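Following: one structure in structure tokens, then a few remarks.
Taken together, the values in this text are just the output of simple stated rules run on the coordinates, not laboratory data. Keep in mind that this is a model prediction, so the values were computed, not measured. Cβ coordinates were reconstructed from backbone atoms using ideal geometry, including for glycine residues, and neighbour counts include every protein chain displayed.
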Amino acid sequence: MDTPFPYDKFVTGKDFIGRKSDCTILSNLLSQGEHVALIEPPRSGKTSLVQQALFSMRFSTKPFTVGQFSVLNIRTVDEFLLRYGSTVIRMVASTPDEYGRMVEKYLAGTHFVFDRDAFADRDEVLSRGWDLDTADVKAVLRLPFLIAQERSSPLLLIIDEFQNVEFTEDGYRILRSLDEVIREEAEAGHKGFSFVFSGSMVNAMKEIFESSRLFYRRVTRVPLSQVDEREIADHVIKGFLAGGKVMEKNLLIGACRLFKNNLWYINHFSAICNSMSKGYIMEPVLVDALSCLISVHEPRFRAMMNGLTTFQVSLLRATVEGNTRFSASEVIRKYNLNSSANVKRVKDALMKKEILTFDGDDKPEFLDPLFEYWIRKYYFELPE
């Protein structure tokens, strides 16, 4: 059933609002054969941006082929490499005979094989005949570059939740090998293939693409700009009007500010408002809708807080109360943070838990705007 407020899937076309410059930047980079990284929290619009950019490219550039897979449920190096190679092969082949020829042509001399029995039983395009070594790793990582050299149209590979590579038993080996392959292909002048590395664990992705110095100047980060609150409000009002309902713009702008213009939360919130009203949507409806939205997410928020130490909770309180210089003696004393060395450990822990991130000026930022609201009002019970 169509809804004016989709929040369960990515959006394109008339439902994609704002971020026109982001879409243009991403389209241009991919059209030029560049590799990009999207490093944003969950449900912040990464997939919608990619799909809208691809939608635009189909009308403005020559044909291209896209493949996509997720690292969400991968926990071993072998799983990653087999899924990576299988996805690439499926981008350009579609029958068992073609799969076999591709493996023989591009992965000859490696321990990768096309096993017809494995394909018939488990739909496996790529299997391993023996333990994989470093040469096997680089060979399969180089596969899309080799295929692209023989094709007239570019290839694009989207890897979702890329940071989960580090959850494998030897994730750094994959990252280092992939960095070397990208560097070697760039030095050879090969431009027919592009990666889109997408990840929702912001600090883990920053560690890969910024702190580690891997992929330095070889992968461009495309940050998502914030959508203007008035543009969001106008879009939501149009959605209500389509159903014969009216809401004051200033109330919607207040909601946008509460959710820090997070379109996923705003769409979910608006869908709840839509289901609770028949005509003119008054402020009490918004209050009830917010309570409903919080009730959906509160178990997750409670679990997050229950997993924190006393020091970590104290630093979060210092954050919501507007402190930024956590190592200052008065802050350490007021919030019982023990020492500046302990502050650093606590900050690192909260970053690993993907609760806070820090900008270039070491200013903290909550990665989830609704969690920030909940922890302020319901956990610490601070006045608004």
Ranked on Cβ counts within 10 Å of their own Cβ, fewest leading, Asp97, Asp361 go Asp361, Asp97
Any lysines whose Cα falls less than 19 Å from that of Lys353, other than same-chain ones fewer than 8 residues away, would be Lys206, Lys344, Lys363
If unit charges are put on Cβ atoms (+1 for Lys and Arg, -1 for Asp and Glu) and the dipole of the chain is taken about its Cα centre, the option from Tyr106, Asn73, Ala242 lying farthest towards the positive end turns out to be Ala242
Rounded to the nearest 5, the percent of antiparallel DSSP beta bridges in the chain equals 20 percent
Stretched fully, the stretch from Leu72 through Gln149 gains (0.36 nm per residue minus C-alpha distance, one decimal, in nm) 24.8 nm
Measuring from its Cα centre, the chain shows a charge dipole (+1 at each Lys and Arg Cβ, -1 at each Asp and Glu Cβ) which, in debye to the nearest 20, is 840 debye
Checking the stretch 201-255 for GluC sites (Glu not before Pro) in a loop per DSSP with at most 12 other beta-carbon atoms within 10 Å yields none
About its Cα centre, the stretch 11-94 carries a charge dipole, from +1 on Lys and Arg Cβ atoms and -1 on Asp and Glu Cβ atoms, whose size in debye to the nearest 20 is 240 debye
For the stretch 291-372, the charge dipole (Cβ of Lys, Arg +1; Cβ of Asp, Glu -1; about the Cα centre) points to a positive end, and the Cα of Ile355, Ala341, Thr319 closest to that extreme belongs to Ala341
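Taking the Cα centre as origin and putting +1 on Lys and Arg beta-carbons and -1 on Asp and Glu beta-carbons, what dipole magnitude results for the stretch 307-379, to the nearest 20 debye?
Working: 12 positive and 10 negative charges, 68 e Å.
With Lys and Arg at +1 and Asp and Glu at -1, about 320 debye.
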Expected sort for Thr24, Thr168 with the fewest Cβ neighbours (10 Å cutoff) up front is Thr24, Thr168
Looks like the stretch 1-120, by Cα gyration tensor root eigenvalues a ≥ b ≥ c and the a/c under 1.5 rounded cutoff (else prolate when a/b is bigger than b/c, oblate otherwise), is prolate
Across the stretch 237-303, qualifying lysine pairs (alpha carbons under 17 Å, at least 8 places apart or different chains) come out at 4
